[in-house]
Amino acid sequence: MIVLWLSEVITDYGLGNGTSVLVYINIVSNLPNLIDKIVNENRDNTAVLSVMSIVGLISLILFALYAIVLLQNSTLIINLISSKRLSRSSSEYDRSSGKKKSRSYLPLRFNQAGVMPIILTTSFLVIPNYLINLGVFQSLNFLTNFKWIYWIGYFVLILAFSSFYSSIVLNPKDISDQLQKSAVKIPGVRPGVQTIFYLKQEIQRITLMGATLLAFITIVPNFIESALNITSLSGLSTTSFLILGGVILDLKREISNIYYSEIYR
């Protein structure tokens, strides 16, 4: 009850989603314990390895947060033009003020699926391991010794699920129909079939780029675990990094809104 009350208070004060902020605080508060665990794991090893483990952890956190912020903020801007601007009475500049009119555009996020590809991939990869443990595919038991096969499968499945989920969220035909109803078109592209084909190409391109970056962020902790021979990084999931990056961006946006609203009040 207290947690629910705190989340409602945080939300009411306009500091983003209260539940997400509390989850963010919980993740950040566990970071010192994670560092302490890594140090204890390498206490019997050389001091150089302990320092390398800590440096590797800090580098991983900074890199992952930067990549998540880059992924969450990356947007493809497709310029739009309306029939009003094509008419003779319309001008690129407002005649009354002499200022340039704001342009219309269609924003397409690189990561439309969010954490769904990671959740679906993790759930899917549990099934083969479960069947092997049951003795259904004993002939494939040797694959468990090759981690790189798991990483490749993880990478490919994230690409596949990201493409599948984005195709559901962004339907080129629906977007084309909405543009036609609004009397808006993409410059240099005819309405109808050409617009659908153009949007489909652009969506596939940005989805591939976003999914590749998401898969890369997911696999990096596994490489660091193997290189430094530590197991504590399993507590740092990509979902946690997405939450950290998302909450930081939301807080920054909310604080900026409050700041500018006070200035221009």
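Considering the conditions (1) farther than 25 Å from residue 68 by Cα; (2) touching a strand residue (DSSP E or B) at 6+ places or on another chain (Cβ under 8 Å); (3) assigned to a helix (DSSP H, G or I), residue 210 is excluded by exactly one of them, (1).
Whether a residue is at pLDDT below 75 and either more than 30 Å from residue 198 (Cα to Cα) or of a type in the set (Lys, Arg) (or both) was assessed, and residue 28 does not pass this test. If you go through the range 3-25 and keep only what is β-branched (Val, Ile, Thr) and either modelled with pLDDT of 75 or more or touching an Asp or Glu at 6+ places or on another chain (Cβ under 8 Å) (or both), you end up with 9, 21, 23, 25. Can you pull out the residues in the range 124-155 that are at pLDDT 80 or above and loosely packed, with under 13 Cβ neighbours inside 10 Å? Within the range 124-155, 152 is the sole residue that qualifies.
Of all the listed residues (186, 196, 175, 206), the sole one being under 16 Å from the mean Cα position of the chain (by Cα) and surrounded by 17 or more Cβ atoms within 10 Å (Cβ to Cβ) is 206. Each residue in the range 97-123 was checked for being closer than 30 Å to residue 178 by Cα and at pLDDT 80 or above, and 10 of them qualify.
Whether a residue is over 17 Å from residue 109 (Cα atoms) and assigned to a helix (DSSP H, G or I) was assessed, and residue 161 does not pass this test. Number of residues in the range 149-177 that are touching a residue at least 24 places away in the same chain (Cβ under 8 Å) and more than 20 Å from residue 115 (Cα to Cα) equals 2.
The values are calculated or read from the model by the stated rules, or taken from the named source; none is laboratory data. What you are looking at is a predicted structure, and each value in this text was computed from that prediction instead of being measured. FYI the Cβ positions are ideal-geometry reconstructions off the backbone, even for glycines, and counts take in every protein chain you see.
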